[in-house]
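Below you'll find the structure, written out as structure tokens, and then a few comments.
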Amino acid sequence: MRRVSWESENGRTITFEGAGPADSPGPFYFVELESSLGGTPETARAPRQDGQTTYYTALDPLHIELEGWMWVTGDRFRPALAEYDRQRAMLHQAFAPNRFGILTYYKEDGAVRVRCRPVTTPVLGDPIGTYCPIGISFTADTPYWENAVEAVACIGIILRLMRFPWAPVYGPLGVYNRRAGIENTSEELIYPTVEVYTTGQKVTLTNQTAGKFVTIEHAIAENQKLVVNLADVSAYLYTLNEAGDYADPEDVSHWMSLDSEPWGLVPGKNQIVISNNIPEDTPIAYIKYRIPSLGI
């Protein structure tokens, strides 16, 4: 069953699911979601030229239309009109045009999501019985949807080869993987986020396929985590607190070496290597990314 979920940055969550009370308790039901995308060409035309020359077409921001129903009922303690006003006010708070959020579309072949914001507050039509039609328009800075499930590739962990229950030390026998092969199944360049846990210095993140690397020239102490976002070329250092959470982010983007060249996952196979200045100590790293798509 298809459904749409909206999580605003103010913490409010609204789900449109099912076609009526028989499918879902409501009070918001899903009808249709449409996503449209255009492009803006860069063209030129010489004197007496027939037609024109198109040099490049840039994708426009994504535009999304959501249609649904709101189910409104009342009783002798809570009139239907009062319930209607309460739910309408809740919708306007959740879909405020000045706040971004994550719109997730769950469908049969998997879920996709996009960070966007409402263009206006929800438009409510004339009630039909106990139902009221809802229309919400969204716009996104990006032209791409992305997989709701984040893909993760690990480097610096033990690849299990075999296990002997009679061994003095009960543990897996294997080797450390010093690289990861990542398949970019899309036709777009994907900029991942890399989380590094290590005590080594001069951590280098290399995409051998693209021939580019990023080097961090300072040590990452124990109980610290370095998060490198290759999309905006930023690096943040987190420290493990008493509650067991990594918190207190510190911007350490200036730790990147001057010869660093941010890279992305090119379409096809990518060979990623994480290294530091201690050859026998491979840093533990997690490469996180989402596969983009132009439509739903």
Total residues in the stretch 66-99, condition modelled with pLDDT under 85, assigned to a loop (DSSP other than H, G, I, E, B) and charged (D, E, K, R)
3
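Quick check on residue 96: is it open to solvent by less than 50 Å² (accessible area, probe 1.4 Å) and without any contact (Cβ under 8 Å) to a residue 24 or more places away in the chain? Steps first, answer last, please.
On the way: open to solvent by less than 50 Å² (accessible area, probe 1.4 Å): yes; without any contact (Cβ under 8 Å) to a residue 24 or more places away in the chain: no.
Judged against the criteria, residue 96 is not a match.
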Determine the pairs where a residue that is open to solvent by 70 Å² or more (accessible area, probe 1.4 Å), located within the stretch 217-238, has a partner that is assigned to a strand (DSSP E or B) with Cβ atoms under 7 Å apart, the partner being 6 or more residues away or on another chain.
223/239; 223/240; 236/227; 236/249; 236/250; 236/251
Against the conditions (1) within 18 Å of residue 31 (Cβ to Cβ); (2) open to solvent by less than 80 Å² (accessible area, probe 1.4 Å), where does residue 110 fall short? Just the number, please.
(1)
Among (1) open to solvent by less than 50 Å² (accessible area, probe 1.4 Å); (2) farther than 15 Å from residue 33 by Cβ, there is one condition residue 121 misses while meeting the rest; what is its number?
(1)
Considering residues that are at pLDDT 95 or above and in contact with a Phe, Trp or Tyr (Cβ under 7 Å, 6 or more places away or on another chain), the number found within the stretch 265-283 is 1
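Determine, yes or no, whether residue 191 is at pLDDT below 90, surrounded by fewer than 17 Cβ atoms within 10 Å (Cβ to Cβ) and of a type in the set (Phe, Trp, Tyr).
Working: at pLDDT below 90: no; surrounded by fewer than 17 Cβ atoms within 10 Å (Cβ to Cβ): yes; of a type in the set (Phe, Trp, Tyr): yes.
It is false that residue 191 is at pLDDT below 90, surrounded by fewer than 17 Cβ atoms within 10 Å (Cβ to Cβ) and of a type in the set (Phe, Trp, Tyr).
Among the residues of the stretch 249-278, write down those that are of a type in the set (A, V, I, L, M) and open to solvent by 10 Å² or more (accessible area, probe 1.4 Å). Break it down into steps so the answer makes sense when it comes.
Just the residues of the stretch 249-278 that are of a type in the set (A, V, I, L, M), to begin with: 252, 256, 258, 265-266, 272-274, 278.
Across the stretch 249-278, the qualifying residues are 256, 258, 266, 273, 278.
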Subset of the stretch 119-152 that is β-branched (Val, Ile, Thr) and without any contact (Cβ under 8 Å) to a residue 24 or more places away in the chain - its residue that is nearest to residue 86 (Cα to Cα):
123
Turns out the strands (runs of 3 or more DSSP E) fully within the stretch 1-63 with at least 2 residues that are surrounded by fewer than 16 Cβ atoms within 10 Å (Cβ to Cβ) and either of a type in the set (Phe, Trp, Tyr) or without any contact (Cβ under 8 Å) to a residue 40 or more places away in the chain (or both) are 28-36, 39-44, 53-59
Would you confirm whether or not the stretch 123-139 contains a residue that is modelled with pLDDT of 95 or more, within 11 Å of the chain's Cα centre (by Cα) and not hydrophobic (A, V, I, L, M, F, W, C)?
no
Return only the number of the condition from (1) within 22 Å of residue 144 (Cα to Cα); (2) open to solvent by 50 Å² or more (accessible area, probe 1.4 Å); (3) not polar (S, T, N, Q) that residue 86 does not satisfy.
(1)
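Considering every residue within the stretch 100-107, establish whether at least one is assigned to a strand (DSSP E or B) and surrounded by fewer than 16 Cβ atoms within 10 Å (Cβ to Cβ).
Keep residues of the stretch 100-107 that are assigned to a strand (DSSP E or B), which gives 101-107.
Next, only the ones that are surrounded by fewer than 16 Cβ atoms within 10 Å (Cβ to Cβ) stay: 102, 107.
Looking for residues that are assigned to a strand (DSSP E or B) and surrounded by fewer than 16 Cβ atoms within 10 Å (Cβ to Cβ), one finds at least one in the stretch 100-107, hence yes.
The values are calculated or read from the model by the stated rules, or taken from the named source; none is laboratory data. All figures in this text were calculated on a predicted structure; none of them were measured in a lab. When we count neighbours, we look across all protein chains shown, and the Cβ atoms used for this are built from the backbone with ideal geometry, even at glycine. For accessibility, only protein heavy atoms count, side chains too; no ligands or nucleic acids. Shrake-Rupley method; radii C 1.70, N 1.55, O 1.52, S 1.80 Å.
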